[in-house]
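Notes for the one structure printed next.
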Amino acid sequence: MPSKRTHTLFFVAALIAGIGQASAAERLKPFELAFSTANGDMTQIEKQVEQKLTANGFTIVGSYSPYTNLKFSNGEMVSAAVIGVTSPALTQAASQTEFGGYAAVQRVTVTKVNNQVQVAFTNPVYMANAYRLKSNLENVDAQLQKALGAEEAYGSNDGLTVSHLRDYHYKFMMPYFTDPDKLAQYGSYQEAVNAVNAGLAAHKGGTSKVYEVAIPGKEQTLFGVALSGPRGNECSGDGYIMSRIDFKNVKSTGHLPYDILVSGNKVYALGAKFRIAINFPDLSMMGSNSFLSIMCAPGAIEKALKEAAKGA
């Protein structure tokens, strides 16, 4: 007959297993709204946000305004600012997996929608699982919530489970995280980094550099890339895409900017169909504010990023 100690150990093991299952079943959403305010001064709020971030251990690596007073498809007037932040916890986690560099920067956003200002950030736990990190970045999430606040998670009605995120693709025949666009290849890592910097400085393909972060201990660098959507490739533009698909009340501005990742002597970008879908998992295939409304965008984004990766 099993001893009392055996029963106790069995109970503890079952409890631990249950906690693990509950965690795996937890549904995550891509963004977190820190707070919102009516009739706030966007510039002043952005300064306050930056001060709070640096005071709570984050390093600001770059920022930009993808659009100002842009009329979205639903008639809203929207202005946006994106602040890229990193920390030792982020870069360390990024260094532990082959393509972890995509998660080295989290994006904090200040978005004015008509007369309301929304402050939000990418959900580190969601991104950690989407990018298949070893760490779930819960510590980074707690740090961001402490710095800015935590009103609600958003960006998906029901959210996605950890197991779904780690093997995510939008639909059959759509790319996974492991199906990146291969933009260029060079003789060395440094040559690749120099070429991308030159291409972004020359605004090839309508691109501009927002930030650049080297991953410690490995030959990997992440670039944040703004896309202006130049004539002949308009639907690569940040404003073109977001004005059509970012139609919900709380804006998913943290989808921006796009990424270029130099890993070794190769230059990559996440497949745009994956990159868009992971941040807009509820996006319908057809109808208003759907993938169909930006059908030209994935190819246009890849074209723009390839031009930048080729150098000046």
Inset, instruction - Tell me which residues, restricted to the stretch 260-286, are charged (D, E, K, R) and crowded, with 20+ Cβ neighbours inside 10 Å. - result: LYS273, ARG275
Inset, instruction - Could you tell me whether the stretch 228-251 includes any residue that is modelled with pLDDT of 95 or more, closer than 23 Å to SER87 by Cβ and not β-branched (Val, Ile, Thr)? - result: no
Legend entry - THR43 among the β-branched types (Val, Ile, Thr) and assigned to a helix (DSSP H, G or I): yes
Legend entry - the stretch 168-181: number of residues that are surrounded by 12 or more Cβ atoms within 10 Å (Cβ to Cβ) and either acidic (Asp, Glu) or more than 12 Å from PHE274 (Cβ to Cβ) (or both): 2
Inset, instruction - Consider only pairs whose beta carbons are under 6 Å apart and that are at least six residues apart or on different chains; among these, list those whose first residue lies in the stretch 166-178 and is of a type in the set (D, E, K, R) and whose second residue is crowded, with 18+ Cβ neighbours inside 10 Å and outside any loop (DSSP other than H, G, I, E, B). - result: ARG166/ASN129
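Quick grid of which residues meet (1) of a type in the set (D, E, K, R); (2) in contact with a helix residue (DSSP H, G or I) (Cβ under 6 Å, 6 or more places away or on another chain):
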| position | (1), (2) |
| --- | --- |
| GLY217 | no, no |
| ALA226 | no, no |
| PRO230 | no, yes |
| ARG244 | yes, yes |
| PHE247 | no, no |
Inset, instruction - Could you grab the pairs with beta carbons closer than 6 Å, sequence gap of 6+ or different chains, first residue in the stretch 72-86 and among the hydroxyl-bearing types (Ser, Thr, Tyr), second one at pLDDT 95 or above and in a loop (DSSP other than H, G, I, E, B)? - result: THR86/ALA104; THR86/VAL105
Inset, instruction - For the stretch 182-193, state whether one or more residues are surrounded by 15 or more Cβ atoms within 10 Å (Cβ to Cβ), of a type outside the set (A, V, I, L, M), closer than 20 Å to LEU270 by Cα and at pLDDT 95 or above. - result: yes
Legend entry - Given (1) in a strand (DSSP E or B); (2) farther than 17 Å from LYS47 by Cα; (3) free of Cβ contacts under 8 Å to residues at least 24 places away in the same chain, index of the condition TYR67 fails: (3)
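Just wondering, is there one or more residues in the stretch 135-149 that are at positive phi, over 17 Å from the mean Cα position of the chain (by Cα) and in contact (Cβ under 8 Å) with a residue 12 or more places away in the chain? Walk me through how you get there before you give the answer.
Step one: of the stretch 135-149, the residues at positive phi are 137, 149.
Next cut, over 17 Å from the mean Cα position of the chain (by Cα) only: 149.
If we keep only those that are in contact (Cβ under 8 Å) with a residue 12 or more places away in the chain as well, we get 149.
Yes, because at least one residue in the stretch 135-149 is at positive phi, over 17 Å from the mean Cα position of the chain (by Cα) and in contact (Cβ under 8 Å) with a residue 12 or more places away in the chain.
The values are calculated or read from the model by the stated rules, or taken from the named source; none is laboratory data. Just so we're clear, the structure is a prediction, and the values are computed from it rather than from any experiment. Methodologically, a virtual Cβ is constructed for each residue, glycine included, from the backbone with ideal geometry; neighbour enumeration extends over all protein chains shown.
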